[in-house]
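Undergrad: Below are the C-alpha cells for one structure; questions will follow.
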Amino acid sequence: MTKREVRFPREFSWGTSTSAYQIEGGGTNTDWWRFERTGDTPAVEPCANACDSWHRYEEDLDLLVKFGLNAFRLSVEWARIEPERDVISTEALDHYRQVLQACHARSILPVVTLHHFTLPLWVADAGGFESPEISTWLANYARVVGEALGEYIGVACTINEPNIVAIMGYLVGVFPPRASSWERFVAVNKTMRASHIAMRDALREGPGTFPIGLPLSMQEYEAVDGGEEQLESLRHEMEDEYLNAVKDDDYLGVQCYTKMLIGPNGLVTNPQDELTEMGYLFWPQCVEYTVRRAAQITGLPIIVTENGIGTNDDDQRIRYLAGALQGLSNVIRDGVDVRGYFQWSLLDNFEWILGYAPKFGIVAVDRSSFARTPKPSAQWYANATKGFPESVL
Ligand code: IFM
C-alpha cells in the first residue's frame with residue numbers, strides 16, 4: 001500500500017505516556033481482569049479502579065497543561081469499543097472522542113495507542129494472538145477507530161510493545177495466556193508484525209494525516225562472560241525482526257528503560273550495580289543507545305514513546321530523567337531525527353502483575369480518594385523541557 005500524506009507536529013512533542021487499562025479502571029471485559037482473579041495468578045492484586053481516569057481525564061489533562069507539556073500518550077480500549085465480536089459501542093467511541101477533543105481544547109497533541117496489552121474476552125477465548133483471525137480482527141478494529149476518531153488523532157501507535165506481550169505471555173509465562181515455549185513466542189512475534197501492518201494499512205485508509213508507527217520495547221544489551229550468542233538470538237527476536245519489518249511506517253516508537261546484561265545462561269545482575277525497584281539496572285543511557293540503533297536500522301523518524309523509572313525515591317527519578325534527556329540531547333545534536341519524548345508515566349498506576357507497588361508517576365495518586373499530587377519530578381521535568389537541549393547539559 002502507498003503511504004498517504006503524513007503530517008508530523010511542527011513542534012517537538014513533550015509528553016507523558018499512559019495506557020487505558022492502567023489508569024481508567026473498570027476494564028472488566030478484558031483478559032487481564034479475569035487473569036487477576038484466577039486461582040494461581042502471578043498478579044499480586046487486581047487493577048480495580050486504577051486511577052479512575054475514565055472519569056477524571058480532564059483533571060489529568062489539566063496537569064499536563066500545568067506542567068507546560070504539549071502532548072499526551074493514551075490508549076483506547078478494544079474491549080470497550082468492540083465488547084463482543086462485530087458489536088461496536090458508540091458510547092465508548094463517544095467517550096474517547098470527548099477525551100481527544102479535551103486534549104485539543106488544551107493544545108495537547110493526542111498520541112493514541114490502539115492496543116496496549118489487554119484483549120477483549122471474546123478475542124482471548126477465541127485464541128488471542130494465536131488465532132488465525134487475529135490480524136483481521138485487529139485490522140477491523142483499527143478501521144473502526146480510524147473512521148470514528150481519525151480526525152482527532154495526532155499520532156497513532158498500533159500495538160504497544162508487541163515483543164513484551166509475546167515474551168511475557170508465551171515464553172516467560174507470567175502474562176496471559178501463561179505459555180512457556182520458544183516456538184510459540186516466535187510465532188506470536190510473527191503474528192504481531194503482520195497484525196501491525198494490517199492495522200497500519202487499515203488506518204491509512206481512513207481520515208486524518210497523522211503518522212502511524214509501532215511502539216517497540218528496546219533495550220541496551222551487553223554480553224557478559226561469553227553471552228554473545230544468547231544476546232544475538234534474543235535481540236534478533238525481540239528487536240531486529242521488528243525493526244526490519246516497519247521500514248514502511250511513518251515513524252518508530254522507542255520504549256526503553258534499562259540495559260540488560262546477558263550471559264550464557266540468560267540475564268545476569270552484578271551485586272555492585274544500582275538496581276531500580278523493578279530489579280532493572282539503573283541505566284538512563286539506554287535512551288541514547290536505543291534511539292541511535294533504531295534510527296540507524298530503520299531510517300525512520302523516532303519518537304521516544306516511553307521512558308521512565310519505577311521508584312519510590314523521586315530524587316532517583318530526577319537523576320534518571322536527567323540522564324535520559326542528556327542522552328536525548330546528544331542524539332539530537334548529532335542530527336538523529338527525533339520528534340518527541342514521552343515520560344512513563346503521568347500517574348502512579350497499575351503495573352500489571354506487580355500491582356500498585358512500583359511508582360512510575362511524576363504525580364502520586366491516593367488509592368482511596370484518587371487525589372492527584374504532583375511530585376518534585378513533575379516540576380523538574382516541566383523545567384527541563386523548556387530550552388531543551390541546553391537545559392539538561
Ligand atoms: O507499565 C508498563 C507499560 O504498560 C508498558 N511499558 C513498560 C511500562 C513500565 O513497566
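The values are calculated or read from the model by the stated rules, or taken from the named source; none is laboratory data. Predicted, not measured: the structure shown is a model, and the values here were computed from it. Using ideal geometry, Cβ is built from the backbone for each residue, glycine included, and neighbour counts are taken over all protein chains shown. Heads up: the accessible areas ignore ligands, DNA and RNA and are worked out on the full protein's heavy atoms, side chains in. Shrake-Rupley method; radii C 1.70, N 1.55, O 1.52, S 1.80 Å.
Undergrad: Residues that are of a type in the set (Ser, Thr, Tyr) and either under 17 Å from Gly25 (Cα atoms) or in contact with a helix residue (DSSP H, G or I) (Cβ under 6 Å, 6 or more places away or on another chain) (or both): list the helices (runs of 4 or more DSSP H) wholly contained in the range 76-156 that include at least 2 such residues. Reasoning before the result, please.
TA: Details: elements: 78-81, 90-105, 121-125, 134-149.
Counting at least 2 such residues, we get 134-149.
Undergrad: Of the residues in the range 155-177, how many are more than 16 Å from the ligand (Cβ to nearest atom) and either crowded, with 24+ Cβ neighbours inside 10 Å or modelled with pLDDT under 95 (or both)? Steps first, please.
TA: Let us first name the residues in the range 155-177 that are more than 16 Å from the ligand (Cβ to nearest atom), namely 155-156, 170-171, 173, 177.
Then keep just the ones that are either crowded, with 24+ Cβ neighbours inside 10 Å or modelled with pLDDT under 95 (or both); that gives 155-156, 170.
Selection size over the range 155-177: 3.
Undergrad: Which one of Ser13, Ser53, Ser17 is in contact (Cβ under 8 Å) with a residue 40 or more places away in the chain, open to solvent by less than 20 Å² (accessible area, probe 1.4 Å), of a type outside the set (Asp, Glu) and more than 15 Å from the ligand (Cβ to nearest atom)?
TA: Numbers: Ser53 fails: more than 15 Å from the ligand (Cβ to nearest atom); Ser17 fails: more than 15 Å from the ligand (Cβ to nearest atom).
Being in contact (Cβ under 8 Å) with a residue 40 or more places away in the chain, open to solvent by less than 20 Å² (accessible area, probe 1.4 Å), of a type outside the set (Asp, Glu) and more than 15 Å from the ligand (Cβ to nearest atom) holds for just one of Ser13, Ser53, Ser17, which is Ser13.
Undergrad: When the residues of the range 35-50 are narrowed to those that are β-branched (Val, Ile, Thr) and open to solvent by 40 Å² or more (accessible area, probe 1.4 Å), which ends up farthest from Arg372 (Cα to Cα)? Let's see the steps before the verdict.
TA: Start the filter on the range 35-50 by keeping residues that are β-branched (Val, Ile, Thr), which leaves 38, 41, 44.
Filter again for open to solvent by 40 Å² or more (accessible area, probe 1.4 Å), leaving 38, 44.
Values: Thr38: 31, Val44: 23 Å.
My answer is Thr38.
Undergrad: Going through the range 42-65 one residue at a time, which ones are in contact with a Ser or Thr (Cβ under 9 Å, 6 or more places away or on another chain) and of a type in the set (D, E, K, R)?
TA: Residues satisfying the conditions are Glu59, Asp60.
Undergrad: Name the residues in the range 17-31 that are more than 15 Å from the chain's Cα centre (by Cα) and hydroxyl-bearing (Ser, Thr, Tyr), would you?
TA: Residues satisfying the conditions are Thr28, Thr30.
Undergrad: Here is a follow-up. Which is at pLDDT 95 or above, open to solvent by less than 20 Å² (accessible area, probe 1.4 Å), aromatic (Phe, Trp, Tyr) and over 18 Å from the mean Cα position of the chain (by Cα), of Phe8, Phe67? Spell out how you get there, then give the answer.
TA: On the way: Phe8 fails: open to solvent by less than 20 Å² (accessible area, probe 1.4 Å).
Among Phe8, Phe67, only Phe67 is at pLDDT 95 or above, open to solvent by less than 20 Å² (accessible area, probe 1.4 Å), aromatic (Phe, Trp, Tyr) and over 18 Å from the mean Cα position of the chain (by Cα).
Okay, residues lined up against (1) within 16 Å of the ligand (Cβ to nearest atom); (2) surrounded by fewer than 18 Cβ atoms within 10 Å (Cβ to Cβ):
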{"site": "Val99", "(1), (2)": "no, no"}
{"site": "Pro110", "(1), (2)": "no, no"}
{"site": "Thr113", "(1), (2)": "yes, no"}
{"site": "Asp125", "(1), (2)": "no, yes"}
{"site": "Trp137", "(1), (2)": "no, no"}
{"site": "Gly146", "(1), (2)": "no, no"}
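Undergrad: Being within 16 Å of the ligand (Cβ to nearest atom) and in a strand (DSSP E or B) is the filter here; which residues of the range 268-296 pass it?
TA: Across the range 268-296, the qualifying residues are Leu275, Leu281.
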